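What follows draws every value from the coordinates through simple rules; no lab data is involved. Since the model is a prediction, treat every value here as computed from it, not as a measurement. Methodologically, a virtual Cβ is constructed for each residue, glycine included, from the backbone with ideal geometry; neighbour enumeration extends over all protein chains shown.
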Amino acid sequence: MSALPHSVRVIDSHTEGEPTRVVLDGAPDLGGGTVAEQARVFRERFDAFRSAVVCEPRGHDALVGALVVPPKSARSACGVIFFNNVGLLNACGHGTIGLAATLAHLGRIGAGRHVVETPVGDVAIELGADGSIAIDNVASFRHAKGVAVEYELDGQRRRVHGDVAWGGNWFFLVDDHGEELALANLERLTNVSWAIRRALERAGVAGATDLGGGVIDHVELFGAPQRADCDSRNFVLCPGKAYDRSPCGTGTSAKVACLVADGKLAPGAEWRQESILGSRFVARAKVDGARVLPTISGTAFVTAESTLLFDPRDPFREGIRA
Ligand code: PYC
């Protein structure tokens with residue numbers, strides 16, 4: 001018998017094209033503690049809730065879920081655990097902007113600064129009186145530069161180089177991929193990025209294990225922008241093989257950390273990251289000693305308020321899991 005509730009109210013939004021579903025009620029009790037501890041309980045005991053909310057037939061592969069949980073500090077607005085079609089995310093930039101738009105839509109936050117606790121540290125939301133949203137993300141850094149990796153695709157062996165960087169998730173950032181970053185090329189970009197990810201795993205390339213386990217589960221390809229008001233365009237492959245419709249908040253944070261490390265972005269200067277859809281985030285970095293503190297701004301729109309129903313007789317009430 002499923003432990004799912006009969007119904008769960010959610011609010012859907014998209015941030016620069018990338019969807020977020022915030023769970024309003026019906027979530028399991030995760031026992032309190034830090035958000036990291038609550039995330040561990042969610043991962044170990046409530047995976048059916050995760051897949052029921054974001055996987056087909058109620059969701060889809062690109063959807064990121066957000067569970068609002070009690071924060072450890074009374075000064076924080078809330079805690080949040082992000083999840084997707086295959087598991088939990090350490091953090092999520094577009095999802096935090098979507099959460100901010102949702103909480104503002106509900107009247108739960110007003111203009112000002114609001115701290116949100118995630119499993120990997122605090123993130124602050126800056127909600128403008130005009131509805132603009134920026135987030136001050138977790139400290140981001142480059143872990144390794146110019147790592148060579150060989151992958152095989154369609155019978156061809158290729159070599160690329162990339163930086164391993166943390167922006168709240170682990171990324172492999174590649175410039176020399178030789179691919180056209182165009183929406184019409186999605187299947188090829190997905191296959192290339194997935195082959196790179198598999199090759200990283202085989203070669204044992206990883207981030208620092210004390211942060212989110214160290215697994216590089218996001219691959220980011222960079223190229224020239226198409227928009228005149230952007231500095232770069234990207235394609236980001238997420239852990240469950242869906243591509244990020246937005247420029248990826250944690251991925252843009254990782255990029256900014258690498259640019260600062262290379263002396264290519266001055267503290268406070270803007271980095272305008274275009275997504276594969278042509279949407280954009282504007283990023284800035286504060287530098288505090290060895291720490292790069294990225295601020296990411298973008299726009300989110302609420303798209304639906306709905307109630308998910310879980311009929312005990314429904315064979316797919318827990319979602320369709322691979
Ligand atoms: O915006 O950080 C992000 C993100 C991670 C996965 C999908 N979006």
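Worth a mention:
- The mean sequence distance of close C-alpha pairs (under 8 Å, at least 6 residues apart), as a share of the length of region 8-63, puts its relative contact order at 28 percent.
- Taking the Cα atoms of region 1-138, the ratio Rg/Rh between the radius of gyration and the Kirkwood radius comes to 0.94.
- Label-to-label distance, Arg45 versus Ala266, with points set 7 angstrom from Cα along the beta-carbon direction: 5.3 nm.
- Stokes-Einstein D (µm²/s) once Rh is taken as the Kirkwood radius of region 167-322 over alpha-carbon pairs, at 37 °C in 0.692 mPa s: 191
- Just so you know, the Rg over Rh for region 157-258 is 0.94, from Cα atoms, with Rh as the Kirkwood radius.
- Rounded tilt (10° steps) of 35-45 against the dominant C-alpha axis of the chain: 70
- Given charges at beta-carbon only (K, R positive; D, E negative), |dipole| of region 92-243 in Debye: 260
- Taking only Cα atoms of region 92-215, radius of gyration then Dmax in Å: 18.3, 55
- Cα-based reach from Lys145 at 22 Å (exclusive), listing lysines while leaving out same-chain residues under 8 positions away: Lys255, Lys264, Lys286
- Rounded tilt (10° steps) of 249-261 against the dominant C-alpha axis of the chain: 30
- In this simple spin-label approximation, Asp229 and Arg291 carry label points 7 Å from Cα along the Cα→Cβ vector, and these lie 3.2 nm apart.
- DSSP-defined beta bridges in the chain - what % are antiparallel, rounded to 5: 85
- Note, ³J(HN,Hα) from phi for region 210-221, Karplus 6.51, -1.76, 1.60, rounded to Hz, x at Gly and Pro: 7, 10, x, x, x, 5, 7, 10, 10, 10, 10, 9
- Under the Karplus curve 6.51 cos²θ - 1.76 cosθ + 1.60, θ = phi - 60°, whole-Hz ³J(HN,Hα) for region 110-124, x wherever Gly or Pro sits: x, 4, x, 9, 9, 8, 10, 8, 10, x, 10, x, 7, 10, 10
- Remark: the Glu180-Ala74 segment gains 33.4 nm on full extension, using 0.36 nm per residue and subtracting the alpha carbon distance.
- At the listed q of 0.30 Å⁻¹, the Debye profile of region 136-183, built from one uniform point per Cα, gives log10 I(q)/I(0) equal to -1.07.
- Rg and Dmax [Cα atoms of the chain; Å; Rg one decimal, Dmax integer]: 18.9, 59
- Divided by 2.2 N^0.38 Å, where N counts the residues, the Cα radius of gyration of region 203-267 comes to 1.24.
- Full-stretch length increase - Arg188, Ile320 - with 0.36 nm per residue and alpha-carbon distance subtracted: 45.0 nm
- Our helix-only sum for the chain, with -39,500 (n - 2.57) per DSSP H run of n ≥ 4 divided by its residues, gives a mean residue ellipticity at 222 nm of -6000 deg cm²/dmol.
- Ordering Arg21, Arg272, Arg142 from the fewest to the most neighbouring beta carbons within 10 Å gives Arg272, Arg142, Arg21.
- Whole-angstrom Cα spans of region 1-80 along principal axes, big to small: 38, 34, 19
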